[in-house]
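Everything on this sheet refers to the single structure shown next.
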Amino acid sequence: MPHAAPDAVARSGFPNIYASLAAGTLLEAYGAAADRVTRALDGLTESELRAHPIPAKWSIHEIVLHLADSETVGAVRFRKVVSESFPDLPAYDEKAWAVSFGYGDRDASFRRAALHTFRNLRETALALFQTASPSDWKRQGRHSEWGPVTLRELLELYADHGERHLEQIVARRRLLGRPGEPAPLLPVRLY
């Protein structure tokens, strides 16, 4: 029987923004992100996907590649928290990854593969979340920035992460003269 994330869990140094938000809302936002990102890309040309309407900020193409890389780290974090006793959670430097992996030089097929990776990792993690026990949601790992974080807080972080980058994609579309949806599912950003 699936278990929902508890709506109230003891908090650590993690931002308290979503502490009172219903677990179902977080799970919905987390699970819908891949479809919402895909819809946000609809109708854009390759040139628009690679444009930098905000100087020195990622293009939409680069945001999509980042989402896949970030979700890869998240998938490991979720699994470590559920299966190990207070593990150190992997950290990464997103800017270094973007440069080292040549986000800007990757082609459209690489972007499609990254979006597929993002979708698959979200689907498998959502299945893990949906079967987590009440005690699983309280399990903790050690985050390099926030210290102890629970599985519930990791769900908050990654639900927010998808929303954050959807907002960035929608903002870039507007700047390119191509307004589009979707509207945010979560009311505010964690950081």
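The values are calculated or read from the model by the stated rules, or taken from the named source; none is laboratory data. What you see is a predicted model, and the numbers here were worked out from it, not measured in a lab. Ideal geometry is used to build each Cβ from the backbone, glycine not excepted, and the neighbour counts take in all protein chains shown. Protein only, heavy atoms only, side chains kept; ligands, DNA and RNA dropped before computing areas. Shrake-Rupley method; radii C 1.70, N 1.55, O 1.52, S 1.80 Å.
Only residues that are closer than 26 Å to Ala34 by Cα and part of a helix (DSSP H, G or I) were counted in the range 131-159, giving 11. Taken over the range 1-17, residues that are among the hydrophobic types (A, V, I, L, M, F, W, C), open to solvent by 20 Å² or more (accessible area, probe 1.4 Å) and at pLDDT 90 or above amount to 1.
Those residues that are open to solvent by 10 Å² or more (accessible area, probe 1.4 Å) and either aliphatic (A, V, I, L, M) or within 12 Å of the chain's Cα centre (by Cα) (or both), I need them from the range 50-67; list them, please. Before the answer, list the steps.
Applying the first criterion (open to solvent by 10 Å² or more (accessible area, probe 1.4 Å)) to the range 50-67 yields 50-58, 62.
Listed by number, the residues that qualify are Ala51, Ile54, Ala56.
Any residue at all in the range 141-161 that's modelled with pLDDT of 95 or more, more than 15 Å from Arg77 (Cα to Cα), open to solvent by 20 Å² or more (accessible area, probe 1.4 Å) and over 17 Å from the mean Cα position of the chain (by Cα)? Checking the range 141-161: not a single residue is modelled with pLDDT of 95 or more, more than 15 Å from Arg77 (Cα to Cα), open to solvent by 20 Å² or more (accessible area, probe 1.4 Å) and over 17 Å from the mean Cα position of the chain (by Cα). Determine whether Arg79 is in a helix (DSSP H, G or I), in contact (Cβ under 8 Å) with a residue 60 or more places away in the chain and among the basic types (Lys, Arg). Spelling it out, it is not the case that Arg79 is in a helix (DSSP H, G or I), in contact (Cβ under 8 Å) with a residue 60 or more places away in the chain and among the basic types (Lys, Arg).
Pairs, please: C-beta under 9 Å, at least 6 apart or cross-chain, first residue farther than 12 Å from Pro53 by Cβ and in the range 154-175, second part of a helix (DSSP H, G or I) and open to solvent by 20 Å² or more (accessible area, probe 1.4 Å)? Pairs that qualify, where the first residue is farther than 12 Å from Pro53 by Cβ and the partner is part of a helix (DSSP H, G or I) and open to solvent by 20 Å² or more (accessible area, probe 1.4 Å), are Leu155/Leu27; Ala159/Thr25; Ala159/Leu27; Ala159/Glu28; Ala159/Gly31; Gly162/Ala32.
Out of all the residues in the range 128-141, is one or more of a type in the set (A, V, I, L, M), closer than 23 Å to Leu21 by Cβ and touching a residue at least 60 places away in the same chain (Cβ under 8 Å)? Working first, answer last.
Applying the first criterion (of a type in the set (A, V, I, L, M)) to the range 128-141 yields 128, 132.
When the remaining residues are screened for being closer than 23 Å to Leu21 by Cβ, the result is 128, 132.
Subset that is touching a residue at least 60 places away in the same chain (Cβ under 8 Å): 132.
Yes; the residues of the range 128-141 include at least one that is of a type in the set (A, V, I, L, M), closer than 23 Å to Leu21 by Cβ and touching a residue at least 60 places away in the same chain (Cβ under 8 Å).
Note on the range 18-32: residues that are in a helix (DSSP H, G or I) and either of a type in the set (Lys, Arg) or surrounded by 23 or more Cβ atoms within 10 Å (Cβ to Cβ) (or both) amount to 3. In the range 68-87, of all residues being touching a Gly at 6+ places or on another chain (Cβ under 7 Å) and not aromatic (Phe, Trp, Tyr), the one that is surrounded by the fewest Cβ atoms within 10 Å (Cβ to Cβ) corresponds to Pro87. Within the range 94-108, is there a residue that is in contact (Cβ under 8 Å) with a residue 60 or more places away in the chain and exposed (fewer than 12 other Cβ atoms within 10 Å of the Cβ)? Yes, some residue in the range 94-108 is in contact (Cβ under 8 Å) with a residue 60 or more places away in the chain and exposed (fewer than 12 other Cβ atoms within 10 Å of the Cβ).
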